[in-house]
1. Taking the Cα centroid of the range 88-104 and of the range 139-208, what is the distance between the two, rounded to the nearest whole Å?
2. Which of K362/K411; K389/K674; K236/K266; K194/K668; K77/K98; K77/K688 have a Cα-Cα distance over 26 Å?
3. Please report Y289, Y643, Y133 as a ranked list, fewest other C-beta atoms within 10 angstrom at the top and most at the bottom.
4. When only Cα pairs under 8 Å and 6 or more residues apart are kept, what is the percent relative contact order across the range 601-670?
5. Cut-off is 10 Å between beta-carbons; in what order do W701, W47 appear when sorted fewest neighbours first?
6. Starting with the highest mean, order 325-333, 394-402 by the number of other Cβ atoms within 10 Å, averaged over the residues of each peptide.
7. Hey, can you grab everything whose amide H is under 5 Å from the amide H of R396? Only 5+ residues off in sequence or another chain; H modelled, so Pro and N-termini drop out.
8. If we count every other residue with Cβ under 10 angstrom of R277's Cβ, Lys/Arg +1 and Asp/Glu -1, where does the sum land?
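Every number here is computed from the coordinates shown, using simple stated rules; none is lab data. Nothing here was measured: the structure is a model prediction, and the numbers come from that model. No Cβ is skipped: glycine too gets one built from the backbone with ideal geometry, and neighbour counts run over all protein chains shown.
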Amino acid sequence: MKRLRRNSPTILALSLVVALVFMRADVSAESDLFPVYSCIQPNVDFWKSIYSRYSSDQGVMHDKRNLDIIYGVIELKDPDQPGGRKINHNRIKDAKKKYRQILAKLMRGEAPSGAEEQHVADLFDPDAQAADYRMAMQNIRCQVGQKDRFREGVIRSGAYIEEIKQIFRELDLPEDLAYLPHVESSFNPKAYSKFGAAGIWQFTHSTGRRYMRIGYTVDERRDPIISSRAAAKLLKDNFYKLQNWPMAITAYNHGSTGMLRAKRRKGGYETIFKEYRSRIFKFASRNFYSEFLAARDVAKNYYRYFGDLKLDSPVNTTVVILEGYASLPEIARYLKLDIGAVSELNPALRKPVIRGQKYVPKGYQLRLPEDTGHDWKGMIAELSPKLFKHFQKRSRIYTVRRGDTAGQIAKIHGVKLRDLIAANNLDASATIFINQNLRIPLPDEKPVILAELEERKQNERQFATSPKSTLNQEGQPLTTPTVDMLIAMNAQVESPRAEEKPVADSALLQPAKPAAGSDFPSFIDSRKPEDDEEMNLAEPLQSVPKESAGQKEAPGVIASIESYDMEDWKVTETDLAKEQPTVYIPQVNPEIIQANLAVERVWNQNGKFVGAIRVEVEETLGHYAEWLAVTAWEIRRLNGFPYGQIIRLDQQIKIPLDRVSKEEFEEKRFEYHKELTEDFFASYRVEKIDIYYIKKGDNIWTLSRDEFEVPLWLLKRYNTHLDFSALMPSQQLLIPVVEKDV
């Protein structure tokens, strides 16, 4: 064989060709900001098929680590139809059982029999080992198809996509990032998750308030354009920290801190994808970049996947900057506009503003219909002396104490009992509970109260005709009789005085009948009496301690498959005669905020006012700092907290009150919890109650997020008898099963 000399023309030519090839490869890699690595190609292909091939009535049974392993497709029912979720649950369960049995057979080395078993066998390498099949048995997952929902999202995106792309271009970001909301929300501005993520970009409260206004009057997460600017800033921050888009996009789901940790341990994205394991880097985070790549392709080429679609058109508006606080109903009335139409153009305005309970904040950029026949700015300028106020409407709050009655509270605050009942959705007997936070209606809130009652009545009519509804002891929807009565009461000049019940410890129904075959020990409400305990700066919440010697471990399973449907909460004399164990199920009224939100005491410390509070669910030092107009560091210094120390539920801490009064702090705190409650129940309903026995090693945060997918504040509301910081094995935890409200 003839050897070529090192400096021969042929060698030089080959070297030049190779250099050009590699140079072009480098240029291509640099120009491709969103690389499709070979290791994620199967995942990208999988998500493309989920978005464009399989609809929401199909469940794809697959391996959650190797998405190119698809066992089969099962038929699903509409989950919002009667019995739909239970049917789907059973079908998915049966499918997983079937494929596990096939994999177990292959693991034992038995030959497949029949076409289906052969199909499963063909998904694995011929030299697959028993360990491979054993792992696959643990990784079977069902993914619901999204074709119909993705198609609807493409149509909705037409109203915003071009403006969002422009926002990204202005910040020197890739405009294709504008397709990310297809993964987050299908471009649904009203999207709201169980854990409080809102809008097309699904910002959580904690992340969103770094870039937007989020509060009881305005939630800019719900405005597609404002939230897109915030998302662009967040993604730019992620890219600055992580230096490439696969990592920055994954950080949108997993958090930049989490991705920096993964980068330190594993290096680049491909290694992280293939090797990284952590308690919170799970299926969603691992697949987020792949989902974005798939969604971008399907959305950009929607004609190929869905045919010709008529996309929604952008809505042109006129923006008026308000120079003071103003009533939205008054603005609509002055401008002769429908209040519903104005609220549609301003999705960031929350219901208290739309109802007139709160003013539109000063400086808000109010969007009005673009109309060449009206000079909206001029009209508002003419009305400004009458329209604008100097201050926001205050929320007057009272926290119920032992011995209070609704009548006494109404008398002390100078309001009518019927108005107090209506403003807080109390029942016909004006029942109140210890630590319930009552909103004291203002003198001008009469129209607001009547509007709330009418809205509530309409909702209850719909709820009463739904397949599952919350029932009282008489088998009727919980509050419908109350609403009818209150509307009649408020229509009268002189109304009969409602019968008052004394204050109760907790909102409990009558004992509910345990499911057949269950053996639940009873429990009673055990709220701690109010006291003036010394400051408790204990360690953060820990897992449930392991069982002590001789203590039997409680089963960590749902106690009853049938559980407690809302329609089964009625107790008969026959049931009581059977002397079965009693389980008390709390009646949760969405309007009731039952938490200790008051400042317990105030004193002068070194010439400055200081207050003491107890930490409630969903609260952080960041919240307190925001409500007190101070930094989190100032609160840490006041309490002697080192940086990084986590506050725990029911912990007593000091707060500075030199910039914000006690009343202002309590108002903001109440409105935060009210906001969580109102937003949640606008999107979800509690379908039934399950019972779980605490087992060793359980952590309330993990149970809330991972096990049951229920927000912690709602879990606490159903378990006021439990101290979440000191759970013990065998304790009963009531689990509200939450469904989407349609």
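1. So the separation of the two Cα centres works out to 32 Å.
2. Working: K362/K411 34 Å; K389/K674 24 Å; K236/K266 23 Å; K194/K668 22 Å; K77/K98 20 Å; K77/K688 19 Å.
Beyond 26 Å: K362/K411.
3. Numbers: Y289 28, Y643 7, Y133 21.
Ascending number of Cβ neighbours within 10 Å: Y643, Y133, Y289.
4. Numbers: 83 pairs, mean separation 29.1, N = 70.
Here the relative contact order equals 42 percent.
5. Values: W701 12, W47 24.
So the residues, fewest neighbours to most, are W701, W47.
6. Numbers: 325-333: 18.9, 394-402: 16.8.
Sorting 325-333, 394-402 by mean packing, highest first, produces 325-333, 394-402.
7. I440
8. +4
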